[in-house]
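Everything on this sheet refers to the single structure shown next.
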Amino acid sequence: MKNTAFSMTRRSFIKTVAGVSFTVNMIPVTELLADETDEITSLNSGDWSKAPGKARYRVDGLVKVTGQKVFARDYRAWNLPGWPKEERPVMIVRATDVNNPFEGLDLSLIPHKSQPVEILYGEKITKEVLRPNKLQDQAEPENQPLIQDVKVKRPSALTWPFIVSKGERASFFGQPVAFLIFENSKNYRAAKKAIQFNSDFVIYDKKPSNKPVFPFNPLTNYVRVASDTKGKDIFSYAQNGDDKNYSEKAFVHRTRIQEQMASGKWKTYNANCSMQAMDPMFMEPENGLGWYDATNKTLNLLVGTQSPDGDMNDVLEMFTGDNPVVKVKTVNIISCYPGGGFGGRDSSVFTLNLAIAAAYAGGKPIRLAYDRFEQFQAGLKRHACELTESLSVDDGGKIQALDVMMSFDGGGRENLSPWVAQLAGLCAGGSYSIPRAAINSNAMYSKNISGGSQRGFGGPQAFFAIETLIDEVAKDNHWDPIELRRKNILHENENTVVGGPITEKLRLHEILDKSEDHGIWRDQKREKERWRKEGLLYGVGFAMSMQAFGTSGDGLIGFVELDRSGHLVVKTNAVDMGNGSATTLAVSTADYLGRNASKIDMGNPDLFPVLNMSTDKKGSWKESDWTANGVGSSSACLTAFHQVHAINQASKVLFDTSIVPVAREILGLPDIPADDFIWKDERLYINDRELPPIPMDIIADVIYRTGRIKGALVHAYFQEIWVKADFDVKGITHNWEIDGLAVYSAGESKPEIIRRRANSGIYPSPASSRYSRTTFAPCGNIIGLTVDPVSGEAVVRKSLSVLNAGKIITEELVSGQSQGGVAMAIGYSLLEDMPPGLGGPADGDWNLNQYFVPRAADVALEGQELITLDALKDDKTGKGIAEAVMCSVAPAISNALYDATGVRFRDLPITAEKIRKGMDKNG
């Protein structure tokens, strides 16, 4: 059979894992089908582009609203060229008992004609225990072998086995106990109807045992004591985190802070907060297709993923070793739009499960497609959190000390839980200058469904605590809540609770000013009276946040190419999860190249390997081919600042090395400074000179006829600052904010890798690795809501978000992200009730009949407003705002509820029942 993937060698690269080399082909599904069928239209079709730097509508907008195939769920094996047409559905059976050993399945419950053709049990598909954990089950003998004679290697990124073996206890709810592969969809549906909600299907041996609770590493321990003068702290993690005795010193300072807070010297307020887990509820549950082509030793996977780089490495790792289940030489990853993500798909094990099923399907294509019940049972959740916090203020309202203990429910797999807890430690200080802080934040293993990096990454939990506590301080002392915050906000050159410097203009005072001046805040008394006449209580609450974005150690990749006709192509490893990244990156070429991209190619992990850069932990910036981080998984908040920078710099490389020289030649003016060239109406002009403009197609024609540089692939790295270095290209030295470069010349089949010059460049300071974050997207939220004093029902009537988004690239996308953030936060605060254990979705029978998400009537669409601060002259880039707006909505709702009812609610979600009981208790 013809396999179109093999003809697409420009997308191929070699990947070596554990000494084994694989050919990997990364293929956008629309590109795969475009060569074979007219069934779909390119994602880049339609007149989406407006003026340079502007979009008429989203790149993917037309195909989505017209119902074309863009998501993984849209495809079947028979849609894909070269694939066999017969497709075998896969069902994963999951554990609903974590105390008793798994014994097997009662297959008699499945109709005889619908029995699975293959059943994969744990003892069959787990090869090595790469990370043995004796805490997994105390009932097991201590001398059990660490290596087992079974068949599929488990990637080292995973803590527990893929599937529970017979005789073993599940490590967490929802852990697979078996994969069932069916001959056809008819049999699959019949079997699913018979067993999906039948608790008798999975058999357990009644030998109960409890598993211990333990934290995932690393643990977060931030302690800071500021000096009386600005500058160097007396002690902080940023300053002292590398000290060998940091923990001992931190304990001494923590104890001293706690003693001062308890001494009565200041007014100290305490809060206990509890926040349940939350489901991402993205557009489509996880799903995909897989096919192992034994003839060509090729593994084909069609999937929508948030982590293409990580998924690729984990899949390849499974097929290394002495005796892999199947021999794999080539991996074709066909990428689709994921249909939502926002952390809910980051480092998900779905792609690994898809690869396992494909390997065991006897050469037949398989389809693994969760329904909503299965997604609730298996999908990553935002972490539940238990939090205690103490805050001390002096008589003038200045914050003097903060003591926080946070415990995040990581569920059964580590995922990104410890790093979620780590960022929450920074967010625990809110937007405030706090001279003394002691913060512990840890993610704990539990039997629950795994927690992930779902939208907010620890910020919603941390901001909720400090913002409700600040409100309590204000109300208790009869201080204005906004004025109290104004006294304590962080300013440039001050330090966070970690001790890291504030290096940007946060503009928090402007957010407070605009909030204070808004009608929702000004008209509180009048609105209270109006709603009282209708028999409802009315309250207004304010809260603010400055959510950090990025990881403060971000490696980014970007590719820009000028084609022969003068159109631009952009490629990136980033994934558009519904946040509009594709559109934003497509317009980001305009600054240096005068026009938007005509094509945007997303989700490509094949780009970074081209640069052949080292990421060895023992390396250093002294090595011209070394970088501290290659690339990471996609995040909605990484677009406007991080990924735009990579595309911007690739555009600049192309402008500096090719556009400018060619324009000089066309004009016959070799000495025109590059800064004199300006773009207008997609033509290149010379500033203040009466010379004819040069169309891009003319420039492109010269570039292709003379073999000039037509494209640039760059790698950039950010940690407090962008790495900036010199590169010699065609005999000329250039200085760009990148650390890796390859250029593509017309007529050449391979790129030229250009290393940065030795002993050149500006690099991050060693201390900056301990700052946690230095990039922030500040936001303030006001909520006006009503409460029914009889039923306890709370309804948001008005909301305001005041956001510092930096330079706004696409205004409509910022607005859309804001609306989505407010909606998600309202649901998280008032509606989305997800108990742990079998009381929640772990039992497999949860859907939207039990998990209530906000609808249009719940989010006050007509009363919802966004104010973005005007960009400053030095705001050259945007901010990652995907999570910014939502972080302070929940505390604003809680504060508004207190204003309406006189009851303080710190247990999320704040359901009508909790409100009613709180008011009854309060009299």
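General remarks:
- Within region 310-353, being among the acidic types (Asp, Glu) and touching a Leu at 6+ places or on another chain (Cβ under 9 Å) holds for 311, 314, 346.
- Top-ranked residue in region 236-252 [being in contact (Cβ under 8 Å) with a residue 24 or more places away in the chain and part of a loop (DSSP other than H, G, I, E, B); ranked as farthest from residue 226 (Cα to Cα)]: 242
- Test for residue 376: is it within 21 Å of the chain's Cα centre (by Cα), outside any loop (DSSP other than H, G, I, E, B) and farther than 30 Å from residue 440 by Cβ: yes
- Residue that is nearest to residue 582 (Cα to Cα) [pool: residues in region 325-361 that are under 23 Å from the mean Cα position of the chain (by Cα) and among the polar types (S, T, N, Q)]: 335
- Looking only at region 902-916, and only at residues there that are among the β-branched types (Val, Ile, Thr) and within 29 Å of the chain's Cα centre (by Cα), the one that is farthest from residue 467 (Cα to Cα): 911
- Conditions (1) part of a helix (DSSP H, G or I); (2) touching an Asp or Glu at 6+ places or on another chain (Cβ under 8 Å): number failed by residue 471: (2)
- Just one of (1) modelled with pLDDT of 95 or more; (2) in a helix (DSSP H, G or I); (3) buried (at least 17 other Cβ atoms within 10 Å of the Cβ) fails for residue 640. It is (1).
- Test: residue in region 499-515 that is in contact (Cβ under 8 Å) with a residue 60 or more places away in the chain, farther than 28 Å from residue 233 by Cα, part of a helix (DSSP H, G or I) and of a type in the set (S, T, N, Q): yes
- Inter-residue pairs, beta-carbon under 7 Å, first touching a residue at least 40 places away in the same chain (Cβ under 8 Å) and in region 164-185, second outside any loop (DSSP other than H, G, I, E, B) and among the hydroxyl-bearing types (Ser, Thr, Tyr), 6+ apart: 165/121; 166/121; 178/121; 182/188
- Residue within region 273-283 that is under 30 Å from residue 501 (Cα atoms), in a loop (DSSP other than H, G, I, E, B) and of a type in the set (S, T, N, Q) present: no
- Lone qualifier among 447, 505, 487 - being out of contact with any Cys (no Cβ under 8 Å at 6 or more places or on another chain) and crowded, with 22+ Cβ neighbours inside 10 Å: 447
- Complete set of residues in region 855-889 that are among the aliphatic types (A, V, I, L, M), farther than 13 Å from residue 800 by Cα and out of contact with any Gly (no Cβ under 9 Å at 6 or more places or on another chain): 856, 857
- Single condition residue 600 does not satisfy, out of (1) assigned to a strand (DSSP E or B); (2) at pLDDT 95 or above: (2)
- Flag for residue 194 being at pLDDT 95 or above, in a helix (DSSP H, G or I) and over 30 Å from residue 168 (Cα atoms): no
Rundown of residues vs (1) assigned to a loop (DSSP other than H, G, I, E, B); (2) polar (S, T, N, Q), yes/no style:
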site	(1), (2)
534	yes, no
539	no, no
545	no, yes
557	no, no
560	no, no
566	yes, no
630	yes, no
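- Selection over region 449-463 of residues that are over 16 Å from residue 782 (Cβ atoms) and in a helix (DSSP H, G or I) gives a count of 4.
- Of the residues 853, 814, 796, the single one that is more than 21 Å from residue 450 (Cα to Cα), assigned by TED's automatic domain parsing to the domain that holds residue 411, β-branched (Val, Ile, Thr) and outside any helix (DSSP H, G or I) is 796.
For every residue, the table says whether it meets (1) more than 25 Å from residue 743 (Cα to Cα); (2) modelled with pLDDT of 95 or more; (3) touching a helix residue (DSSP H, G or I) at 6+ places or on another chain (Cβ under 9 Å).
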site	(1), (2), (3)
527	yes, yes, yes
534	yes, yes, no
550	yes, no, yes
559	no, yes, yes
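- Meets criteria (in contact with an Asp or Glu (Cβ under 8 Å, 6 or more places away or on another chain), surrounded by fewer than 18 Cβ atoms within 10 Å (Cβ to Cβ), at pLDDT below 95 and in the same structural domain as residue 403 (by TED's automatic domain parsing)) for residue 244: no
- Sole exception among (1) under 30 Å from residue 884 (Cα atoms); (2) modelled with pLDDT under 95; (3) touching a Gly at 6+ places or on another chain (Cβ under 7 Å) for residue 377, by number: (2)
- Leading residue by the ranking (surrounded by the fewest Cβ atoms within 10 Å (Cβ to Cβ)) among those in region 856-887 that are assigned to a loop (DSSP other than H, G, I, E, B) and charged (D, E, K, R): 873
- Residue satisfying condition, being part of a strand (DSSP E or B) and either surrounded by 20 or more Cβ atoms within 10 Å (Cβ to Cβ) or not assigned by TED's automatic domain parsing to the domain that holds residue 103 (or both), within set 229, 255, 268: 268
- Residue check for residue 895: crowded, with 17+ Cβ neighbours inside 10 Å and either assigned to a loop (DSSP other than H, G, I, E, B) or at pLDDT 95 or above (or both): yes
The values are calculated or read from the model by the stated rules, or taken from the named source; none is laboratory data. The shown structure was predicted, so the numbers you read here are calculated from the model rather than taken from an experiment. Every residue, glycine as well, gets a Cβ built from its backbone with ideal geometry; the counts of neighbours run over all protein chains shown.
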